[in-house]
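Chemist: One structure, as structure tokens, below. Some questions next.
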Amino acid sequence: RDRFLMKIDVHHPAAHEELQILQRMSVDPPEAAQILDTGRLAGLQRAAEEVSVHELVADYIVRLVMATREPDQYRLPDLRGVIEIGASPRATLGIAAASRALALLRGRDYVLPDDVRAVARDVMAHRLVLTFDALADGVDAGDVIAQILTAVPPPRVVWNHSAASVTTA
């Protein structure tokens with residue numbers, strides 16, 4: 001379960017998308033063109049590693065992961081019978097790494113809680129082991145993560161206009 005950074009579910013295309021695929025691929029299939037070389041890729045990886053994660057954002061990441069292990073502590077008692085084994089520390093590291101990369105793609109050198117929220121499901125859902133009953137009931141791990149994202153509050157930015165500074169709560 002911890003083999004890959006993310007598990008992204010790709011659903012079948014809708015009918016109109018399937019038709020577009022058929023039309024594009026039936027005539028002249030597109031040809032792949034190189035957009036990155038190994039040097040540029042390594043540079044982007046280094047740049048992503050340098051993206052800052054504020055301690056409050058790091059705490060948010062940890063709280064999200066801990067909610068999978070100790071749902072009662074996060075006012076999620078219904079998840080006690082759903083999660084057999086919560087996300088491992090690799091989920092914490094994975095969310096931080098994916099959040100850094102997303103922040104970089106969004107043109108920032110710092111991670112925001114929205115970056116964390118955007119990657120949390122894809123990083124954590126495949127790392128949960130659901131109970132037999134949850135599996136029998138068709139519970140989706142992604143929905144469990146969505147419930148956690150709703151229950152665990154992100155850090156808030158509070159603007160202090162008089163001091164022209166930012167504090168977080």
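The values are calculated or read from the model by the stated rules, or taken from the named source; none is laboratory data. Please read these numbers as outputs of a predicted model, since none were measured by experiment. Neighbour counts are summed over all protein chains in view; Cβ atoms, including those assigned to glycine, are modelled from backbone coordinates with ideal geometry. Ligands, DNA and RNA are excluded from the accessible area calculation, which covers all protein heavy atoms including side chains. Shrake-Rupley method; radii C 1.70, N 1.55, O 1.52, S 1.80 Å.
Chemist: Go through (1) open to solvent by less than 30 Å² (accessible area, probe 1.4 Å); (2) at pLDDT below 95; (3) farther than 20 Å from Leu5 by Cβ and name the single condition His161 misses.
Modeler: In the conditions (1) open to solvent by less than 30 Å² (accessible area, probe 1.4 Å); (2) at pLDDT below 95; (3) farther than 20 Å from Leu5 by Cβ, His161 misses (1) alone.
Chemist: Please indicate, with yes or no, whether at least one residue in the stretch 154-161 is of a type in the set (Val, Ile, Thr) and touching a residue at least 60 places away in the same chain (Cβ under 8 Å).
Modeler: Step one: filter the stretch 154-161 for residues of a type in the set (Val, Ile, Thr), giving 157-158.
The next check asks that each one be touching a residue at least 60 places away in the same chain (Cβ under 8 Å); those that pass are none.
No, there is no match, as no residue in the stretch 154-161 is of a type in the set (Val, Ile, Thr) and touching a residue at least 60 places away in the same chain (Cβ under 8 Å).
Chemist: Return the only residue of Ile21, Ile35 being open to solvent by less than 90 Å² (accessible area, probe 1.4 Å) and β-branched (Val, Ile, Thr).
Modeler: When all the criteria are applied, what remains is Ile21.
Chemist: Still on this model: Quick test for you: out of Val111, Val57, Val51, Val82, pick the one residue that is in contact with a His (Cβ under 9 Å, 6 or more places away or on another chain) and touching a residue at least 40 places away in the same chain (Cβ under 8 Å).
Modeler: Working: Val57 fails: in contact with a His (Cβ under 9 Å, 6 or more places away or on another chain); Val51 fails: in contact with a His (Cβ under 9 Å, 6 or more places away or on another chain); Val82 fails: in contact with a His (Cβ under 9 Å, 6 or more places away or on another chain).
None of the others qualify; the one that does is Val111.
Chemist: Please determine, by comparing only the residues of the stretch 9-18 that are assigned to a loop (DSSP other than H, G, I, E, B) and open to solvent by 100 Å² or more (accessible area, probe 1.4 Å), which one is modelled with the highest pLDDT.
Modeler: Only one residue tops the list, namely His12.
Chemist: How many of the residues in the stretch 86-137 are surrounded by 14 or more Cβ atoms within 10 Å (Cβ to Cβ) and part of a loop (DSSP other than H, G, I, E, B)?
Modeler: Residues meeting the conditions: 8.
Chemist: Just one of (1) within 16 Å of Val123 (Cβ to Cβ); (2) part of a helix (DSSP H, G or I); (3) touching a Leu at 6+ places or on another chain (Cβ under 9 Å) trips up Ala58, so point out which.
Modeler: The one condition Ala58 does not meet is (3).
Chemist: Could you identify the single residue in Glu84, Glu55, Glu70 that is under 19 Å from the mean Cα position of the chain (by Cα) and charged (D, E, K, R)? Lay out the reasoning, then the answer.
Modeler: Details: Glu84 fails: under 19 Å from the mean Cα position of the chain (by Cα); Glu70 fails: under 19 Å from the mean Cα position of the chain (by Cα).
So the residue among Glu84, Glu55, Glu70 that is under 19 Å from the mean Cα position of the chain (by Cα) and charged (D, E, K, R) is Glu55.
Chemist: Residues in the stretch 52-74: is at least one surrounded by 14 or more Cβ atoms within 10 Å (Cβ to Cβ), under 28 Å from Asp115 (Cβ atoms) and modelled with pLDDT under 90?
Modeler: No, every residue in the stretch 52-74 fails to be surrounded by 14 or more Cβ atoms within 10 Å (Cβ to Cβ), under 28 Å from Asp115 (Cβ atoms) and modelled with pLDDT under 90.
Chemist: Residues of the stretch 30-49 being hydrophobic (A, V, I, L, M, F, W, C) and part of a loop (DSSP other than H, G, I, E, B), which ones?
Modeler: Keep residues of the stretch 30-49 that are hydrophobic (A, V, I, L, M, F, W, C), which gives 32-33, 35-36, 41-42, 44, 47-48.
Ala32, Ala33, Ile35, Leu36, listed by residue number.
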